[in-house]
């Protein structure tokens, strides 16, 4: 069921992405080598304590919002409307409310308490404070975003349902407005959970070196809790995917076995209750109770954990198997088990429930023995932390008893048919059972963590309000549910039963929920007052964060005139790239944020929302919105920057005026002009010439201004892709390629083919991975009408034939087709119909015979040369690459450096590949030239460049040897695959090395070598440049490394030019990129300047 949306390739990409993400986290976090000592001092163990109060602040805010939500949803009139709103009302009433309380309140509190306890029971600090901080922000942002998404979607979809829409139709009508917020926020929340789980496991793993861990037996509670939360969040993310959510909805009560029952129990019981047992064992003596013996704690663990897992798996598997049978697809398809499970389901659920219940009672007995319930009244009067725990145990007793009644066949219907009854069961357990206990620990720890205890009055209000509120709200909801059950049994639906209850029911719920709001608000006020000094310090840290992130500002940036900095910011903002001025002002954090957000808004979000071709409610304003947004955003960012510069420059000027006066004479004695090395002047001149020559290429190289008319093809080349017109004039027939473009054009392209209507037979699509035929649409641009087509799939997932129902009238046409790939979108193909066009274009026939020898294809049969000067570019790449290899080989005579050996081999390969291109273009391609080009240029060169960088960065011998031998083995394997790959001689003359037939294994190997090689090469160069910049050393080498990285990116991006329909431009990028790499290499080997 959870895999309905994904193909095998999707899963493979997800697996690779997950491996890359995990590897990146393990590599970057904590950023320095983790100490693995056998013991730590107390200050090291408790180092993260100063961050824990922010967890209390975030959780208190979430609980206030959640309790206020309960008040809002209980308002008479609105309460009835939520029942009329169907599942949309359920989103607002139950799902949004439960997530802000359970995740925003409970899970955030549990995470903070875990970071307090875990270092103390493992006797070592957290593995990574940075990872813990990332987990906090991801979880908080994710849960508040998820809450807001469900809140809004519940109201919108509920409004549609209350006006006669079916819920699934309403959800489908919203489309991306439903999918994107839920996917995005649940994924962010999931990342927060997963980084928390990762940090827990890494901390425990690193603690294996600790010799003395008297409380180490409590570690397993935190590990199991973290693992259960990981499973629960993964299931939660999968459940909100559209296909899975629809499957669960249509599975009815069996879908509810999966969500919410199994999902809620793995989070609340296995995730939070198991952790609660560990917290009781640790904090029990500090709350004035008796220590719980290790044997008792272990016994509870081995009863509660298997019982809760049995309960979770029973519901999950029953939901998947029986839900799959109900839907007829998805889930787990085992038809032979369906009748057995249907018959034995009550027995299986009762056994699983009894196993879990036994674990709860073991916990209750241990808690009551340790915290002395005989003095409960005095503990309640003083609002001790132990009172919170004792009352929470009473709530859990009531909650588990109701849970048992919900599983027994005689009472099953009474406690499950009214929707609010199982929901209040979850709320009682969460708010009254778990939340009260966690809040008691917050009051216990506040004096230690912030030095300021909470006011006793606020603690009492919290205890009385939350306990009394959830108790009253539970009883009122239970009574209303029983009344509604009678109405439902009489044939009413949910909305009718709610209306029948009138105003009394919601008014009762509202009054009983008010004490709960008072209790949570008192808790929030208590935390706010206790953390006043802490919050002031945290606010100061947030203000100073950009300065810490940016590092020391280079002195030369301070001397750039403010007008120049503001001009850069305004000019960049006008083109949708704000942040450049902030970067030159030394403010890296806001600069990076603006450089990421600005282009995303201007060139992605706005076109998506306002484009007339996306059909959103905002499309009526069209592209002119950008003409308003760009100057306004540029002016706003520039104004803020001006305010910042005026304040900071004035402060810097005032503090340094005396120093400037003292240094005036030495500055006047210094030369006014700095000497620029000749090599740098030559390099800048060459790059400037190349950049200036690119716009002049159409004039100086003989490239025609427009595109040549498309010939009539007798047959399609093997690698052809796009849309074609099938034409026939009585003497000739074939296919004519339509004029393609990646976005809709305002002006009709004159280069489009013009065909007589009598000659058009239909349209033909050649595309890897066909979409739904209804998404291929032909429009008559003169009147905007869609042309009716009849479609037929000629070749599975490859070729689509579209025939016309009626002849096309005279006019201009565009064929709108979907395009695949990572950034799937649309492509637009243009043509014109004109009766005056009596003759078809010239017929182009591909060679009929295949040459199996290495003799070149005659020049006459090759495609027309794009221009002599374009063949000079591969030649220049050959010369530069060979020159670089020669310089490296010459340096090897002085000292053999392994990295230079790898780089020399790489540039020799590049020279061979570019030379093969030159020979093939001038003398004709042969199979050997095609193989030489592909194995050297397309497959291996980037891998060997990356290997050289690997040998520079890695110093452990076994890792260096691993990289070297892996590259040698992959190279041999690639050479073998290429040598065995056939060459299509029919297309060799026109396609060159593209005529090499590449098996899937060779394609995967090429992608892997190039991706990893580029990552290591660019990442290693930028990492080293950053290290030199931070240390303020080796400026020439830093510049050279940046040039190497930029050159490598230009080379890697050069292949994208071939997708523009002009593959001859490939070597413009290649020549520029290899030149930058050469220049950067020369900079890195220059001797460092001596400072006198």
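Structural remarks
- Candidates are the residues of the range 396-417 that are under 17 Å from residue 359 (Cβ atoms) and under 40 Å from the mean Cα position of the chain (by Cα); the one that is surrounded by the fewest Cβ atoms within 10 Å (Cβ to Cβ) is 407.
- If you go through the range 120-150 and keep only what is within 13 Å of residue 55 (Cβ to Cβ) and either surrounded by 23 or more Cβ atoms within 10 Å (Cβ to Cβ) or touching a residue at least 60 places away in the same chain (Cβ under 8 Å) (or both), you end up with 132, 133, 135, 136, 139, 140, 143.
- Within the range 122-140, the residues that satisfy the criterion of being in contact with a helix residue (DSSP H, G or I) (Cβ under 6 Å, 6 or more places away or on another chain) and in a helix (DSSP H, G or I) are 122, 129, 131, 132, 134, 135, 138, 139, 140.
- Of residues in the range 922-963 being in contact with a helix residue (DSSP H, G or I) (Cβ under 8 Å, 6 or more places away or on another chain) and outside any helix (DSSP H, G or I), the one nearest to residue 1025 (Cα to Cα): 954
- Test for residue 543: is it assigned to a helix (DSSP H, G or I), modelled with pLDDT of 85 or more and surrounded by fewer than 19 Cβ atoms within 10 Å (Cβ to Cβ): no
- A Cβ distance below 6 Å, combined with a sequence gap of six or more or placement on separate chains, defines the contacts here; from the range 37-63, residues that are at negative phi and modelled with pLDDT under 90 reach residues that are in a loop (DSSP other than H, G, I, E, B) and surrounded by fewer than 17 Cβ atoms within 10 Å (Cβ to Cβ) in the pairs 38/211.
- Among the numbered conditions (1) in a helix (DSSP H, G or I); (2) within 27 Å of the chain's Cα centre (by Cα); (3) over 19 Å from residue 259 (Cβ atoms), the only one that residue 83 does not meet is (2).
- Verdict on residue 929 being closer than 20 Å to residue 1017 by Cβ and crowded, with 19+ Cβ neighbours inside 10 Å: no
- Some residue of the range 484-498 being closer than 24 Å to residue 435 by Cα, touching a residue at least 60 places away in the same chain (Cβ under 8 Å) and in contact with a helix residue (DSSP H, G or I) (Cβ under 9 Å, 6 or more places away or on another chain): no
- Of the residues making up the range 97-119, not a single one is surrounded by fewer than 20 Cβ atoms within 10 Å (Cβ to Cβ), in contact with a helix residue (DSSP H, G or I) (Cβ under 7 Å, 6 or more places away or on another chain), modelled with pLDDT under 90 and under 30 Å from residue 520 (Cβ atoms).
- Flag if residue 1090 is modelled with pLDDT under 65, within 33 Å of the chain's Cα centre (by Cα) and surrounded by fewer than 20 Cβ atoms within 10 Å (Cβ to Cβ): no
- Filter result for the condition that a residue is more than 24 Å from residue 427 (Cβ to Cβ) and surrounded by fewer than 16 Cβ atoms within 10 Å (Cβ to Cβ), over 317, 347, 322: 347
- From 377, 341, 357, 349, residue being part of a helix (DSSP H, G or I), out of contact with any strand residue (DSSP E or B) (no Cβ under 6 Å at 6 or more places or on another chain) and under 23 Å from residue 454 (Cβ atoms): 377
- Sub-8 Å Cβ pairs linking a first residue in the range 952-964 that is assigned by TED's automatic domain parsing to the domain that holds residue 1044 and within 18 Å of residue 1013 (Cα to Cα) to a second residue that is at pLDDT below 80 and part of a loop (DSSP other than H, G, I, E, B), at least 6 apart or interchain, are 960/954; 963/954, ordered by first then second residue.
- Once the range 277-309 is narrowed to residues that are surrounded by fewer than 23 Cβ atoms within 10 Å (Cβ to Cβ) and under 33 Å from the mean Cα position of the chain (by Cα), the residue that is nearest to residue 218 (Cα to Cα) is 305.
- Exclusive hit being modelled with pLDDT under 55 and under 30 Å from residue 750 (Cβ atoms), set 866, 858: 866
The values are calculated or read from the model by the stated rules, or taken from the named source; none is laboratory data. Model, not experiment: these values are computed from the prediction. Reconstructed Cβ throughout: ideal geometry from the backbone, glycine too, with neighbour counts over all protein chains shown.
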